[in-house]
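Here's the structure we're looking at; comments come further down.
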Amino acid sequence: MNTVQYIEEFKFAAMQEMKIYGIPASVTLAQGILESASGNSKLAKDCNNHFGIKCRKNWTGNYCLADDDAPDECFRGYGSAMESYRDHSLFLKGASRYDFLFSLPATDYKAWAHGLRQAGYATNPAYGNIIISVVDRYRLSMYDSMTILGDDYDTPDTAASRLIQKHGLPAVIALKSQKPEDIAKLYDLGSWQIYKYNDLKNGEDLKPGEIIYLKPKKRRATADFHAVREGETLRDISQQHAVKLKKLEKFNQIVASKPLKPGEIIYLREKRLNDSLKKEAIKRQSEVQEESDSVLRIAKEGDTWQSLGSQNGKRPEELKKNNADIERPVPGQVVLISSEKITDKTVADMPSTAGKIMFHSVIKGETVYSISRLYKISPDSLIKWNKIKDHQISVGQELQVQSPDSNVQGKQNQTHTVSAGETLFQISRRYGVSVADLQQQNGLKGTEIKVGQRIMIVRY
């Protein structure tokens with residue numbers, strides 16, 4: 001079974017568990033893919049265990065023995081994979097250390113992924129980003145929206161807005177093309193109230209899937225602080241924790257328009273933290289920065305530590321050390337390459353796009369908005385480049401997802417002089433070309449290079 005087949009096989013199980021227990025279907029599927037190597041692991045085949053859950057003292061059912069932190073550890077065995085999915089939900093729901101996860105928005109798969117790592121589901125410090133990379137690569141977040149709305153956000157029925165409770169406040173999830181005025185009319189409110197309660201500028205569009213509060217947000221959050229994740233804004237944090245944006249500006253002495261850095265601590269209740277909370281904040285800051293500084297790859301058929309090392313400019317010994325819990329790469333498994341920064345290309349495992357126009361093939365359930373989020377471009381740009389009318393796209397349609405301004409005509413040649421400590425992989429990332437191209441263009445058999453060596457860079 002490959003990963004796409006695995007998703008088709010178990011997406012409805014994940015969506016069912018989300019309906020019952022509120023765990024994002026995207027996160028459940030990503031964990032299943034990761035923990036069971038897309039259903040190909042020994043535990044999955046022999047014991048239907050798709051989430052690597054160990055027996056513990058209260059388990060009285062079937063079991064399998066497998067090496068993990070120690071030899072011959074006891075793992076739970078199930079009569080079917082569906083039982084494994086249900087037990088995964090009960091496992092999270094029944095342990096107090098995961099309680100805080102269930103106060104997070106069901107559509108915020110990134111917060112859930114990092115929360116699982118924070119609660120200790122796995123020991124790998126990059127576990128949160130690994131889960132996110134799988135969700136993004138296979139566009140699993142659409143199953144969250146399909147579960148909540150009964151369809152994707154692309155629905156003509158604005159009455160499908162469902163009233164939910166977030167942090168004790170009534171709220172709805174914004175639908176595609178829905179305006180603040182539409183929500184105000186549905187709930188007998190003034191449009192000014194929707195704008196004010198959600199810190200929206202007059203005439204500002206809503207993002208499909210975002211939480212919109214129907215009552216004023218609070219002066220303080222229930223949490224003490226928030227460690228910023230990649231791409232988050234102060235308003236994002238305000239909406240996530242249901243705390244007024246002006247209060248966050250005051251607590252942190254910043255303006256909402258200020259760009260935030262991954263790991264930066266945002267106070268949610270006071271202007272400072274006591275000593276114990278400071279230690280906790282420093283620990284969380286370190287975890288977020290560590291999670292956002294990891295390069296990930298998804299293993300393919302035939303991959304070995306040797307071949308992955310060659311492809312990414314790393315020694316096999318380094319990869320084995322980075323992935324101490326993996327004996328050898330299995331197709332569909334996510335492996336940690338190095339502690340360099342994740343980019344969209346890394347997460348999606350895309351080839352170099354320098355000098356090329358990228359295209360995306362639409363799959364079922366995708367919308368203009370979800371694709372624009374995937375590639376971090378504006379919906380307006382996607383519409384303009386592809387001459388899309390009324391936001392209508394079709395399955396199989398090829399959409400341009402990179403500006404034509406980035407298209408480089410003909411070859412562009414230059415040279416790079418190797419500095420101390422540089423690797424071929426680092427040079428390939430810097431210039432947006434593959435390691436294989438650099439090897440071919442410079443007659444290199446391996447990945448070893450020397451200080452002062454001149455490397456030819458050829459872009460097409």
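Quick notes on this structure:
- When only Cα pairs below 8 angstrom with a gap of at least 6 residues are kept, the range 3-148 shows a relative contact order of 28 percent.
- Sites Lys389 and Trp192 - FRET efficiency at Förster radius 22 Å, r taken between beta-carbons, to 0.05: 0.10
- Surface/4 estimate of mean projected area, convex hull on alpha-carbon atoms of the range 165-254, nm²: 6.0 nm²
- Mean separation of Cα contacts under 8 Å, 6 or more apart, over the residue count of the range 168-279: relative contact order %: 25 percent
- Amide H within-cut-off set for Lys218, under 5 Å, with H built and near neighbours excluded: Val243, Lys244
- Computed from backbone phi, the HN-Hα couplings of the range 79-88 come to x, 7, 5, 4, 5, 5, 4, 5, 5, 4 Hz, rounded to whole numbers (Karplus: 6.51 cos²θ - 1.76 cosθ + 1.60, θ = phi - 60°; Gly and Pro given as x).
- Members of Lys110/Lys196; Lys166/Lys196; Lys179/Lys201; Lys207/Lys387; Lys196/Lys247; Lys93/Lys283 lying beyond 19 Å, as alpha-carbon distances in this model show: Lys110/Lys196; Lys207/Lys387; Lys93/Lys283
- Relative contact order of the range 1-87, defined on C-alpha pairs under 8 angstrom at six or more residues apart (%): 24 percent
Rule-based calculations on the coordinates, nothing more; no lab input. In this text, all values refer to a predicted model and were calculated from it rather than measured experimentally. Because the Cβ atoms are built from the backbone with ideal geometry, glycine has one as well, and the counts that use them run over all protein chains shown.
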